[in-house]
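Following: one structure in structure tokens, then a few remarks.
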Amino acid sequence: YIRAPPGRLGMILANRSDDQPGTVVSALRTSSALIGKILPGDVLVAIDGLDISEMHVSEVTAIMSNKSQQEKILTVITPFKSEVNNE
């Protein structure tokens, strides 16, 4: 869980590109309060306990905007990237 402060979070969100539903963090602005807490590639799965794992990025952005003046609890999954080198 990540505690996100009120105000703009500086996250750039995108739809997942792996043919799965959901929203992924594509980048963080240098001014983001979440630098070091969230990483590009992390998948957002819940906001304040609301399951957003099947939502389109536009729906997630609307929820974030509605909650912009309050602290939020973001639930994220960091995908495991296996980098196996078979040399």
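Since only Ile52, Ile35, Ser17 are under comparison, the one whose Cα sits farthest along the positive direction of the charge dipole of the chain, derived from C-beta charges on Lys, Arg, Asp and Glu, is Ile35. The C-alpha atoms of the chain define a longest principal axis, and helix 57-66 lies at about 30 degrees to it. The modelled label-to-label distance for the pair Ala46/Ile2, using points 7 Å beyond Cα in the direction of Cβ, is 1.6 nm.
For the chain, with all protein chains in place and a probe radius of 1.4 Å, 51% of the accessible heavy-atom surface sits on carbon or sulfur. Once you order the gyration tensor axes a ≥ b ≥ c over the Cα atoms, which shape class does the chain get: rounded for a/c under 1.5, otherwise prolate or oblate by comparing a/b with b/c? Taking the square roots of the gyration eigenvalues as a ≥ b ≥ c, the chain is prolate.
Stretching the chain fully between Ile35 and Glu59 yields a gain of 6.3 nm (0.36 nm per residue, less the alpha carbon separation).
The values are calculated or read from the model by the stated rules, or taken from the named source; none is laboratory data. Note that the structure is a prediction, hence the values are computed from the model and not measured. Cβ atoms come from the backbone with ideal geometry, glycine included; neighbour counts cover every protein chain shown. The protein model used for the area step is the full one, side chains on, heavy atoms only, and it has no ligands, DNA or RNA in it. Shrake-Rupley method; radii C 1.70, N 1.55, O 1.52, S 1.80 Å.
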